[in-house]
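No value in this document is a laboratory result; all are computed from the given coordinates. From a predicted model like this one, the values you see are computed outputs, not experimental measurements. Using ideal geometry, Cβ is built from the backbone for each residue, glycine included, and neighbour counts are taken over all protein chains shown.
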Amino acid sequence: MNGPDVSTATRVDHVDLDVLENVLSFYIRVIDTKVSRDLDQRLANLEVAKGKGKITALLLIDSHPGIRPSVVADLAARDRSAMGRILDTLEQQGLITRQTNAEDSRAQELYITPKGAALAVKVREIVVQQSEDFFDRIIPQDEQKILIDILKRAYRRLQEAGK
């Protein structure tokens, strides 16, 4: 027989992943999908649920008053127009404000509102707990630390390469 045996592909554990078996990006995409769904369920009634970039933007603005939209976009790995839409949404929801930079009228600065700051406190708690709950089920703590270290270095290299 020349090809996969489709007669046994009736259960997940019967399916060979083909070349994907050893492709890192496949596992990253699948885990991202699963962890994002889980997080969305936990954030269901909050303004930052559904979609990528809102949590990052909210927390960065809360932690770095006056941060520029381009910096948030770069750190979140979003193009500037996509980040602009995210920031528009956060602003419409009363979570952030934009101000013109006093020295450069073309530059915007982002600030958290009291409503946004209160949400950021809740979101931090949820995100940390969700990450622990989700990953503790599938990766031992010592391996999580190693994985975080590897991913942080990869993230920083991507940031450096983007400059």
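For region 25-121, the gyration tensor built on C-alpha atoms gives an oblate shape. Its axis ratio a/c (a ≥ b ≥ c) is at least 1.5, and a/b is not larger than b/c. Fully extending the segment from residue 91 to residue 71 would add 5.5 nm, taking 0.36 nm per residue of separation and subtracting the current Cα-Cα distance.
Among (1) 18.5; (2) 20.6; (3) 16.3, which is the computed Kirkwood radius over Cα pairs in Å? The calculated read-out lines up with (1). In this structure, the residue pairs whose Cα-Cα separation is over 22 Å, taken from 50/122; 54/145; 54/152; 34/145, are 54/145. Our estimate of slack between residue 35 and residue 152, defined as 0.36 nm per intervening residue step minus the Cα-Cα distance, is 40.4 nm.
Sorting the segments 89-98, 12-21 by their mean number of nearby beta carbons within 10 angstrom, highest to lowest, gives 89-98, 12-21. Between residue 139 and residue 98, the C-beta separation translates, for a Förster distance of 45 Å, into a calculated FRET efficiency of about 0.70. Relative contact order, whole percent, for the chain stands at 19, derived from Cα pairs under 8 Å and 6 or more residues apart. Compared with the dominant Cα axis of the chain, that is its longest principal axis, helix 54-63 is turned about 40°. Summing +1 for each Lys or Arg and -1 for each Asp or Glu among the other residues whose beta-carbon sits under 15 angstrom from that of residue 126 gives -1.
Inter-part distance, region 110-163 to region 62-78, computed on C-alpha centroids, equals 15 Å. The angle between the Cα long axis of helix 80-92 and the main principal axis of the chain comes to about 60°, on a 0 to 90 degree scale.
Compare 24, 147, 119 in a GNM of the chain, Cα atoms joined below 10 Å, and give the one with the largest fluctuation. In this elastic network of the chain, the residue with the biggest mean-square fluctuation among 24, 147, 119 is 24.
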